[in-house]
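The values are calculated or read from the model by the stated rules, or taken from the named source; none is laboratory data. As the structure is a computational prediction, the values presented were derived from the model and not from experiment. Please note: Cβ atoms are built from the backbone with ideal geometry, for glycine as well, and neighbour counts cover all protein chains shown. What goes into the accessible areas is simple: the full protein's heavy atoms, side chains included, and nothing from ligands, DNA or RNA. Shrake-Rupley method; radii C 1.70, N 1.55, O 1.52, S 1.80 Å.
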Amino acid sequence: MSLQLTILGFNSALPTAYTHPTAQLLNIAERYFLIDCGEGTQVQLRKAKAKFNRINNIFISHLHGDHVFGLIGLISTFQLLGRDTPLTIHGPKGIKEFITTQLRLTESNNSFEIIFNELHTKESVLVFEDEKVEVFSIPLNHRIYANGYLFREKPKGRKLNMDTIEEFSEIEVCDYQHLKNGKDFILNSGEIIPNDYLTFDAPRSLSYAFCSDTKYKPDIVPIIKDVDLLYHESTFLHELKDLAIYTGHSTAKEAALIAKEANAKKLILGHFSNRYHDYKPLLLEAKEVFSNTVLPEVLKEIKLSC
């Protein structure tokens, strides 16, 4: 199993000829999740050769335009492509009105159901769950209501050791799931064959935390503790800390402090102020606190495996 993240855009409010607003495509356990949808996201998805029909859940952090203005265009494209499967949009209260008003005013005949999961609580809650993945909100502190998201694989089953299993003719295919679940096997004679003789340890579950626009907020650390990959906004250098506080953003140093306290494995910076044309100073500032920090690269896939 693997986790694959594609950064579609990472700059702050103003798009440029070479940079794009926030949007990410996450593949975890073969589930494809779109995270934020700034202007031009669907073009970036095409450049990434993403399969639009595999995106069934979109997670919006907050309703500032650089995180959501690409959404209605993407929905329109879904319509033109003949989509007929439901699309679930998770986001702050107001996201339903934001989308349905545009659909109504443009007299769009939607060919598929849009399900809105509107969030309003300031506590971390379970947002999405299926048999392999769960997603939790990460309450943030921005100028308007905002959440990040923690994507986490559920614990995996143990791996079968076919060499030892074949020593026992009584073990049949129908018993395999019990072994994967960690159960011992009892022979007809009553002898107990320990599970750890018949299986290998389960692969480690992977996790990704997306922390969008927010002031420095150390109380999110317990939510993202031990995360494998962390994206945390780092709009300013720490010398502009007062401006970061005023605008509801974080510095590169503060992003690194969050990564360090959370014992994250790797940190990606992003959402840089347009005043910066060279991102290296932000990287160097963060690496002084948390060494395994990287800059985002548009359309470059970041892969983790276990």
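General remarks:
- Among the residues making up the stretch 254-306, a single one is surrounded by 19 or more Cβ atoms within 10 Å (Cβ to Cβ), over 20 Å from the mean Cα position of the chain (by Cα) and closer than 13 Å to Asn11 by Cα: Ser273.
- Test result for Lys215, out of contact with any strand residue (DSSP E or B) (no Cβ under 6 Å at 6 or more places or on another chain) and either in contact (Cβ under 8 Å) with a residue 60 or more places away in the chain or closer than 15 Å to Ile171 by Cβ (or both): yes
- Residue that is nearest to Gly91 (Cα to Cα) [pool: residues in the stretch 180-218 that are in a strand (DSSP E or B) and among the β-branched types (Val, Ile, Thr)]: Thr199
- So Glu97, is it acidic (Asp, Glu) and in contact (Cβ under 8 Å) with a residue 24 or more places away in the chain: no
- For the stretch 1-49, filtered to residues that are part of a loop (DSSP other than H, G, I, E, B), open to solvent by less than 50 Å² (accessible area, probe 1.4 Å) and without any contact (Cβ under 8 Å) to a residue 40 or more places away in the chain, the residue that is nearest to Ser61 (Cα to Cα) is Gly38.
- The set of residues in the stretch 134-144 that are of a type outside the set (A, V, I, L, M), touching a residue at least 24 places away in the same chain (Cβ under 8 Å) and surrounded by 19 or more Cβ atoms within 10 Å (Cβ to Cβ) comprises Phe136, Pro139, His142.
- Some residue of the stretch 189-210 being β-branched (Val, Ile, Thr), open to solvent by less than 20 Å² (accessible area, probe 1.4 Å) and closer than 15 Å to Ser273 by Cβ: no
- Residues in the stretch 50-69 that are open to solvent by 10 Å² or more (accessible area, probe 1.4 Å) and assigned to a loop (DSSP other than H, G, I, E, B): Ala50, Lys51, Leu63, His64, Phe69.
- Flag for Leu243 being among the hydrophobic types (A, V, I, L, M, F, W, C), under 30 Å from His271 (Cβ atoms) and surrounded by fewer than 17 Cβ atoms within 10 Å (Cβ to Cβ): yes
- Among the residues of the stretch 118-150, just one is touching a helix residue (DSSP H, G or I) at 6+ places or on another chain (Cβ under 9 Å) and within 28 Å of Leu81 (Cα to Cα), namely Glu118.
- Yes/no for Glu107 being assigned to a loop (DSSP other than H, G, I, E, B) and either out of contact with any strand residue (DSSP E or B) (no Cβ under 9 Å at 6 or more places or on another chain) or of a type outside the set (Lys, Arg) (or both): yes
- Annotation for the stretch 70-79: at least one member residue is assigned to a helix (DSSP H, G or I), open to solvent by 20 Å² or more (accessible area, probe 1.4 Å) and either under 22 Å from Asp130 (Cβ atoms) or not polar (S, T, N, Q) (or both).
- Failed item, numbered, when His120 is tested on (1) modelled with pLDDT of 95 or more; (2) surrounded by 15 or more Cβ atoms within 10 Å (Cβ to Cβ); (3) not charged (D, E, K, R): (2)
- With respect to the conditions (1) crowded, with 24+ Cβ neighbours inside 10 Å; (2) closer than 19 Å to Ile7 by Cα, Thr251 falls short on a single one, namely (2).
- Lone qualifier among Ser250, Ser207, Ser212, Ser273 - being more than 19 Å from Ala146 (Cβ to Cβ) and small (Gly, Ala, Ser): Ser207
- Restricting the first member to the stretch 121-133 and to residues that are farther than 16 Å from Phe210 by Cα, and the second to residues that are among the basic types (Lys, Arg) and in a loop (DSSP other than H, G, I, E, B), the beta-carbon pairs closer than 8 Å and six or more apart or on different chains are Glu131/Lys154; Lys132/Lys154.
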